[in-house]
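Notes for the one structure printed next.
The values are calculated or read from the model by the stated rules, or taken from the named source; none is laboratory data. Predicted, not measured: the structure shown is a model, and the values here were computed from it. Positions of Cβ are backbone-derived with ideal geometry, glycine not excepted, and every protein chain shown enters the neighbour counts. What goes into the accessible areas is simple: the full protein's heavy atoms, side chains included, and nothing from ligands, DNA or RNA. Shrake-Rupley method; radii C 1.70, N 1.55, O 1.52, S 1.80 Å.
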Amino acid sequence: MNQGKKFFIETFGCQMNHHDSEKVSGRLVKMGYVPTGNASEADLLLLNTCNIREKANQKVFSRLGAVRKTYGAKPTAKIGLLGCMAQMEGASIFKKAPKVDLVVGSSSYSFLPELVSRLEQGERQVIDVSQDSDRLFETEAGARESPYKAFVTIMEGCNRFCSFCVVPYTRGPERSRPGRHVLSEVESLSSRGFREVTLLGQTVNSWRDPLGEISCFTDLLRRVARIEGIRRIRFTSPHPSDFQPDIVEVIETVPEVCNQIHLPLQSGSTAVLQRMKRDYTREQYLEKVAFLKRSKRDIALSTDIIVGFPGETQQQFEETLSMVETVGYDSMFSFKFSPRPGTEAFAFQDVIPEAEKSRRLQVLQQFQRKIQLERHARLVGKEFEVLVDGSSRRDSRVLAGRTTQNKIVNFSGPPELLGRFVPVKVTDYAPNSLRGELVGC
Ligand code: SAH
Ligand code: SF4
Ligand code: F3S
């Protein structure tokens, strides 16, 4: 009955949301829907939304307000809102954006076939934002954004309730996926030619096997590494509080585990960290960095930082700068604090004016840019193995690959190298990428 009907998904937000869109696509394809990259021919137009900062929300509401204009949508197209904003706003979306027909939270994607068929039968305002699904991990992605690299969910939700963050509300409580499900998904990915997997969870290192078959997160990494064909394993994001030396040990002893860690700092000031409810001090975080730096492998480190948290003084901001200098991050995502309804920090007084937040963000980003340039300069002349995973749209002989440290290297080579591991030598650099040449050519 759905044969030939087309769907289009636009995805906002983090890797988890991108992976969720892959799962949703898989479900819809199974139902007979066909994916399209052209929103104007879609019968089902879906927005998979993020709620992390106010800006993310505004963007979606402005898109929805002008849905015909933004997407050229057909008058008969059904409009669906998925993801974290759908979860947070629930049925109120139907009032705020009356063109929306379907609202589905991230715990309910396995129910999509039922929900979409209700829409097809003429029901309006179909909604499922329950967070107690026992089918949470059932939805294996049918379609993947890359044919070489795949995301694999190992945990959903978060119990930490950092005072600034909506995720525990939008994604619900922390739930780990059984280890044997994770392994069988990776086995199936490997048999289909995938060579790299990224294990996903909001606090990925807090993973515990609900079936008790695999003893801990690092053991899971070792088990994944034993799966034939898997050459690279990444994971994101570990929480600093649960970050122990066993992770460094696994990076050192298991070559498939990449030497790259994303360790969100948020602030370099212990006083600010306390108000953020981050559970670690500046010194404790530095201890974790110290054991990473002592490693035999050169582990690349990236982070997330928020500037302008309520009450953050100039001195506390400078503590973040000095921390960033001491650690020497390979890359960073930095954000102005955005007050989110429902979170503890929403009610905090001592709000930092927007202009001051922007100034701090700019200072931080310029500071980090210099550090990245210095770090990249040191790589010139060195050789790395890259997984070739992209080519320029304008010239298919301009390729892009990633090193184990997740650094992008652009170089010239034949398009047949896509999906292969090749050695490249770094010849030049920019703040966010490297230039190189194929070795042995
Ligand atoms: N689970 C990860 C973070 C996930 S959210 C962790 O524990 O660190 C991704 C990033 O968005 C956060 O690290 C934080 O830097 C940023 N972020 C979250 N809430 C925010 C807010 N209210 N304002 C600004 N940035 C925020
Ligand atoms: Fe949000 Fe904190 Fe959970 Fe990360 S650990 S998802 S920042 S509440
Ligand atoms: Fe991700 Fe945004 Fe949700 S960062 S978990 S999509 S609120």
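With +1 on each Lys and Arg Cβ and -1 on each Asp and Glu Cβ, how big is the dipole of segment 288-377 about its Cα centre, in debye rounded to the nearest 20?
With only Lys, Arg, Asp and Glu charged at Cβ, the dipole is about 480 debye.
If you put +1 on each Lys and Arg Cβ and -1 on each Asp and Glu Cβ, how big is the dipole of segment 371-413 around its Cα centre, in Debye rounded to 20?
Around 120 debye, computed over segment 371-413.
Considering all alpha-carbon pairs of segment 216-326, what whole percent are spaced by more than 19 angstrom?
Result for the distance tail: 48 percent.
Cross-link candidates for Lys370: which lysines have Cα within less than 21 Å, leaving aside residues fewer than 8 places away along the same chain?
Hits, sequence-local ones excluded: Lys293, Lys336, Lys357, Lys382, Lys407.
Round to the nearest 0.05 the FRET efficiency obtained for Arg378 and Glu228 when R0 = 35 Å and r is the Cβ-Cβ distance.
0.50
For segment 196-271 and segment 68-133, compute the distance between their C-alpha centroids and round to whole Å.
34
Report the gain in length on full extension from Ser110 to Glu54: 0.36 nm times residue separation, minus Cα-Cα distance, nm rounded to one decimal. Could the numbers behind the result be given before it?
Details: separation 56, 0.36 × 56 = 20.16 nm, distance 2.81 nm.
Stretched out fully, the Ser110 to Glu54 stretch lengthens by 17.4 nm.
With charges only on Cβ, +1 for K and R and -1 for D and E, what is the dipole size of the chain about its Cα centre, in debye, rounded to 20? Intermediate values should be presented prior to the final figure.
Details: 62 positive and 53 negative charges, 227 e Å.
Computed charge dipole of the chain: roughly 1080 debye.
What FRET efficiency, computed as 1/(1 + (r/R0)^6) with R0 = 56 Å and r the Cβ-Cβ distance, is obtained for Thr427 and Gln121, rounded to the nearest 0.05?
0.40
For segment 288-377, which whole-number percentage of the solvent-accessible area (1.4 Å probe, protein heavy atoms only) is attributable to carbon and sulfur atoms?
Summing carbon and sulfur atoms, their accessible area is 54 percent of the total for segment 288-377.
Between Val34 and Ser215, what FRET efficiency comes out of the Förster formula 1/(1 + (r/R0)^6) with R0 = 45 Å and r the beta carbon distance, rounded to 0.05?
E between Ser215 and Val34, to the nearest 0.05, is 0.55.
Just to check, using Stokes-Einstein with a Kirkwood Rh over alpha carbon pairs, what's the diffusion coefficient of the chain at 4 °C and 1.567 mPa s in µm²/s?
56
Using only alpha carbons, build the gyration tensor for segment 282-441 and give me the equivalent ellipsoid semi-axes, biggest first, whole Å. If you can, show how the numbers build up before the last one.
Values: eigenvalues 273, 69, 38 Å².
That gives 37, 19, 14 Å for the three semi-axes.
If each Cα of segment 67-176 is one equal point scatterer, what is log10 of I(q)/I(0) from the Debye formula at q = 0.22, 0.23 Å⁻¹?
-1.25, -1.28
Determine the gain in length on full extension of the stretch Asp246-Ser191; use 0.36 nm per residue of separation and subtract their C-alpha separation, reporting nm with one decimal.
16.9 nm
Run the simple label-point estimate for Ser322 and His18 please: 7 Å along Cα→C-beta, distance reported in nm.
In this crude spin-label approximation the distance works out to 3.6 nm.
Work out how much length Lys293 to Ile408 would gain on full extension: take 0.36 nm times their residue separation and subtract the Cα-Cα distance, in nm to one decimal.
39.2 nm
Counting only DSSP beta bridges with both residues in the chain, tell me the antiparallel percent, nearest 5.
The antiparallel fraction comes to roughly 35 percent.
Quick check: convex hull of the Cα atoms in segment 288-377, volume per residue, rounded to a whole Å³?
104
Describe numerically, in nm with one decimal, the distance between label points set 7 Å from Cα along Cα→Cβ at Arg369 and at Thr70.
2.9
Over segment 6-128, how many percent of alpha carbon pairs lie in each 5 Å bin up to the one with the longest distance?
Percent of pairs per bin, in order: 2, 12, 24, 27, 23, 10, 1, 0.
Computed on alpha carbon atoms, what radius of gyration and Dmax characterise segment 383-438, expressed in Å?
According to the Cα coordinates of segment 383-438, Rg and Dmax are 9.9, 28 Å.
Could you give the alpha-carbon Rg of segment 146-258 over 2.2 N^0.38 Å, rounded to two decimals? Walk me through the numbers on the way to the answer.
Values: Rg = 14.0 Å, N = 113, 2.2 N^0.38 = 13.3 Å.
Rg over 2.2 N^0.38 Å, computed on Cα atoms: 1.05.
Which one of Val426, Gly122, Pro414 is farthest out on the positive end of the charge dipole of the chain, using unit charges on Cβ (Lys, Arg +1; Asp, Glu -1) and the Cα centre as origin?
Value: Pro414.
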